[in-house]
Amino acid sequence: MRYFQSAFLLLTALATLLLAGCSREEKGISLEQLRQQTHIHGLAFDRSDSDRLWLATHHGFYAVGADRMARRISEETHDFMGFTPHPADAETFFASGHPARGGNLGLVVSTDGGKRWEQRSPGVDGPVDFHQLTVSEADPNVLYGAYAGWLQVSHDGGHQWQIQGRAPDGLIALAASSRDPEHLFAATQGGLLMSPNGGQRWRPIHPERRPVSLVVAHDGRLYAFMLDSGLLMAEEANREWEVVKRGWGERYLLHLAVDPSNPERLVAADDEGRLLQSDNGGRDWVRLD
């Protein structure tokens, strides 16, 4: 009997340890540990505290504090694709992707800073998996998402969706304009595109036809990363592009966020999952460790 009691206590202790390892760890893990465990699908500055970053990953939603430690915020370990923050409400985020158990999430929303996520809509022919998702700074009720080769749009904060047209070929990223909710930008394998009517018609907005790995619109500015050219910037009003930073070699940026309280402060994630920060508008970068 004593043997079985000891065995039971041992199994209970092991189960407790395993569950603890799967729980949200208060002390967090280093950015390098996080990079080894998962990959980043999106990032943003916390609008209420720009010393904190939000990371949407393949295995849950994380916060990174000033101590550079990553802590899982979400109760679920979903694969959060298409992550985009609300442009005014610091506690509200939009995403899509896949639940940990498999399938598609549809459009999911968190209104409590990323702890709990609920499906707001399955989307058209859903539940969808929006790998590209964006919300307009000009009108936060307008969202665009791409799924199965089609572009969908919502005009009521993601509750109802409709098909807007075909998504651009080779689509990599979407960015809704910060000035006009009908204007939409696309990073594609064949260059930078712009739609003046919510994705119904597209035209090139850069003379080069090289692959573009990201496009971001914030406060009247556009940022993009073009392979073999580097980090680009333009004003939305004229779309006259300048190269902010060359010399990336084989590396490229996949995600970029602008600090809402300081437009010169940028954070980016590269193709190897490393986080980088610039304090001078993207001209110089240091790795966050």
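The values are calculated or read from the model by the stated rules, or taken from the named source; none is laboratory data. Remember, it's a predicted structure, so these values are computed and weren't measured experimentally. Please note: Cβ atoms are built from the backbone with ideal geometry, for glycine as well, and neighbour counts cover all protein chains shown. Heavy atoms of the whole protein, side chains included, go into the accessibility calculation; ligands, DNA and RNA do not. Shrake-Rupley method; radii C 1.70, N 1.55, O 1.52, S 1.80 Å.
Candidates are the residues of segment 242-263 that are open to solvent by 30 Å² or more (accessible area, probe 1.4 Å) and touching a residue at least 40 places away in the same chain (Cβ under 8 Å); the one that is nearest to SER136 (Cα to Cα) is PRO260.
Summed over segment 67-98, residues that are open to solvent by less than 10 Å² (accessible area, probe 1.4 Å) and either over 20 Å from PRO140 (Cβ atoms) or not in a strand (DSSP E or B) (or both) total 3. Looking across segment 212-232 at every residue that is under 19 Å from the mean Cα position of the chain (by Cα) and surrounded by fewer than 19 Cβ atoms within 10 Å (Cβ to Cβ), the one that is nearest to GLY190 (Cα to Cα) is identified as ARG221.
None of SER110, SER74 is within 25 Å of GLU32 (Cβ to Cβ), under 16 Å from the mean Cα position of the chain (by Cα) and among the polar types (S, T, N, Q) except SER74.
For segment 132-172, taking the residues that are hydrophobic (A, V, I, L, M, F, W, C) and open to solvent by 20 Å² or more (accessible area, probe 1.4 Å), the one that is nearest to GLY97 (Cα to Cα) is identified as ALA148.
Taken over segment 254-275, the criterion of being within 15 Å of the chain's Cα centre (by Cα) and assigned to a strand (DSSP E or B) is satisfied by LEU254, HIS255, LEU256, ALA257, VAL258, ASP259, LEU266, VAL267, ALA268, ALA269, ASP270, LEU275. The residue that is farthest from ASP46 (Cα to Cα), counting only those in segment 103-141 that are hydrophobic (A, V, I, L, M, F, W, C) and in a loop (DSSP other than H, G, I, E, B), is VAL124.
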